[in-house]
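The values are calculated or read from the model by the stated rules, or taken from the named source; none is laboratory data. Keep in mind the model is a prediction, meaning the values are calculated, not measured. For neighbour counting, all protein chains shown are included, and Cβ atoms are generated from backbone atoms with ideal geometry for every residue, glycine included. The protein model used for the area step is the full one, side chains on, heavy atoms only, and it has no ligands, DNA or RNA in it. Shrake-Rupley method; radii C 1.70, N 1.55, O 1.52, S 1.80 Å.
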Amino acid sequence: MDPNVVAKLESGWCSLASSGSKSLIKKYLTKEVLEDLKRQKTSFGSTLLDCVRSGFEHHDSGVGIYAPDAEAYTVFAPIFDPIIEDYHKGFKPTDIHPAQDWGDVNALGNLDGENKYVISTRVRCARSLVGYPFNPLLTEVQYKDIEEKVSSTLDGLAGDLKGEFYPLTDMSKEVQQKLIDDHFLFKEGDRFLQAANASRFWPTGRGIFHNRDKTFLVWCNEEDHLRLISMQMGGNLGEVYKRLVTAVNDVEKTLAFSHHDRLGFLTFCPTNLGTTIRASVHIQLPKLAANKAKLEEVAAKYSLQVRGTRGEHTDAEGGVYDISNKRRMGLTEYQAVKEMYDGIKELIKIEKQS
Ligand code: ADP
Ligand code: CIR
């Protein structure tokens, strides 16, 4: 073990421990866990430092840890397990994530029949390709390989899903910014991902696929190898969900995805393991949101997470919040989306009564 790595772990830990950070990494990386793990390595050569770089550099992280490779979840289990249990609301080290189950895709309806509160609805999931490591270990050639595999698979989609792949390397800054402003594309330069060594060779291998109406989109090689997204204006979660399920089933016929017996689908960030599902609405709840702390408290009661208008680590613009299911593990795909459906219905009810 490189003594520099151990020294960096020790000094980074001291600085985090004496900070006011509210991150999960600060909460669970005790001196004992540090001592236990500071000399461990995965067979890919990843160390604990590779997992915690982001949380050590950014004390304002909510979580602060990423898995540099799939094995890290096992080798560094004493730190990943309690964070997983905390984030996913009680998914214990002895729990096993259920098998993929999309349920009855016709069972979900419209969240806001009056069209008064919900501006738009989005459901995304993440996938990693079998045979490739996560971001910090990918070579430039592997980034290009993944892009080629993903874009040629998506080329085969038909009907409503038919669309085109746009590599970031060929995209003008204006087009890129417009796609970001319209909530279709990932933002560039996420400092949490950069610190985790997830932005190497940028923009090589990064890109976006979308159909004509921009209701089905795929992000390539941002935080995960793939992010599959279904979205549209209004509150028709049923339509959005059905489109995502059709697309994932199609893509799965060609691409093999990394799956773990206990953890479900594998992702770079432990918050996304399991179903990898984040079902969200852009919503205006002026009365409830008059007190942000109250909004957060009510949302948490229904296991929902509140984000800003431009996604994670952003503020609300014009009173528009992004509210989604928080946990993604220990429940099925259908249950994760239903958790958001039920919670948003309740929030709307409370708003009406306020
Ligand atoms: P992710 O959802 O992939 O975890 P972010 O929180 O960064 O990542 O969100 C990605 C983008 O998706 C952001 O531009 C965000 O505004 C947009 N977004 C999320 N939910 C919705 C929604 N319901 N309607 C429109 N855009 C949304
Ligand atoms: C953080 O720790 O804030 C970032 N690394 C992002 C973590 C993902 N957050 C989440 O709630 N899904």
Which numbered condition R122 fails, given (1) surrounded by fewer than 19 Cβ atoms within 10 Å (Cβ to Cβ); (2) within 16 Å of ligand 2 (Cβ to nearest atom); (3) not in a helix (DSSP H, G or I); (4) not acidic (D, E): (1)
Unmet requirement for I79, which otherwise passes all of (1) within 15 Å of ligand 2 (Cβ to nearest atom); (2) assigned to a helix (DSSP H, G or I); (3) touching a residue at least 60 places away in the same chain (Cβ under 8 Å): (3)
Failed item in (1) in contact with a Ser or Thr (Cβ under 9 Å, 6 or more places away or on another chain); (2) outside any loop (DSSP other than H, G, I, E, B); (3) under 18 Å from A70 (Cα atoms), with T267 passing the rest: (2)
Filter pass, A70 being outside the structural domain of E312 (by TED's automatic domain parsing), touching a strand residue (DSSP E or B) at 6+ places or on another chain (Cβ under 9 Å) and open to solvent by 30 Å² or more (accessible area, probe 1.4 Å): yes
Pair list, Cβ under 7 Å, 6 or more apart: segment 25-53 residue closer than 26 Å to Y132 by Cα and open to solvent by less than 80 Å² (accessible area, probe 1.4 Å), other residue away from ligand 1 (no atom under 16 Å from the Cβ) and charged (D, E, K, R): T42/D69; T42/E71; S46/D69; T47/K41; L48/K38; L49/K8
Inter-residue pairs, beta-carbon under 7 Å, first more than 16 Å from F268 (Cβ to Cβ) and in segment 186-209, second of a type in the set (V, I, T) and open to solvent by 30 Å² or more (accessible area, probe 1.4 Å), 6+ apart: P203/T169; T204/T169
Every residue from segment 274-303 that is of a type in the set (A, V, I, L, M, F, W, C), open to solvent by 10 Å² or more (accessible area, probe 1.4 Å) and either over 27 Å from N236 (Cα atoms) or outside any helix (DSSP H, G or I) (or both): A290, A293
Only one of T309, T332, T271 that is in contact with a Pro (Cβ under 7 Å, 6 or more places away or on another chain) and either open to solvent by less than 70 Å² (accessible area, probe 1.4 Å) or more than 16 Å from ligand 2 (Cβ to nearest atom) (or both): T332
Matching entry among I119, I84 (being within 16 Å of ligand 1 (Cβ to nearest atom), modelled with pLDDT of 95 or more and of a type in the set (A, V, I, L, M, F, W, C)): I119
Inter-residue pairs, beta-carbon under 6 Å, first over 17 Å from L273 (Cα atoms) and in segment 312-339, second basic (K, R), 6+ apart: D322/R307
Answer residue from segment 200-235, given it is farther than 16 Å from Y132 by Cα and within 16 Å of ligand 2 (Cβ to nearest atom) and is surrounded by the most Cβ atoms within 10 Å (Cβ to Cβ) among those: I229
Segment 312-329, residues that are open to solvent by 10 Å² or more (accessible area, probe 1.4 Å) and among the polar types (S, T, N, Q): T314
Residues satisfying the stated conditions in segment 287-306, i.e. closer than 27 Å to F184 by Cβ, away from ligand 2 (no atom under 16 Å from the Cβ) and of a type outside the set (A, V, I, L, M, F, W, C): K292
The lone exception for S46 - which of (1) in a loop (DSSP other than H, G, I, E, B); (2) of a type in the set (S, T, Y); (3) more than 25 Å from D190 (Cβ to Cβ) it fails: (3)
Filter pass, K22 being buried (at least 19 other Cβ atoms within 10 Å of the Cβ), of a type outside the set (F, W, Y), assigned by TED's automatic domain parsing to the domain that holds H59 and within 16 Å of ligand 2 (Cβ to nearest atom): no
Residue count, segment 131-156 (criterion: within 21 Å of M231 (Cα to Cα), buried (at least 17 other Cβ atoms within 10 Å of the Cβ) and in contact with a Phe, Trp or Tyr (Cβ under 8 Å, 6 or more places away or on another chain)): 3
Segment 111-125 residues that are closer than 12 Å to I323 by Cα, paired with ones that are among the aromatic types (F, W, Y) (beta carbon under 6 Å, 6 or more apart): V123/Y241
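Checking the structure you have, find out if any residue of segment 161-179 is closer than 17 Å to Q232 by Cβ and within 15 Å of ligand 1 (Cβ to nearest atom). It would help to see each step written out before you state the result.
Residues of segment 161-179 that are closer than 17 Å to Q232 by Cβ, as a first pass: 161-163, 179.
After this cut, where a residue has to be within 15 Å of ligand 1 (Cβ to nearest atom) as well, the list is 179.
Scanning segment 161-179, I find at least one residue that is closer than 17 Å to Q232 by Cβ and within 15 Å of ligand 1 (Cβ to nearest atom), so the answer is yes.
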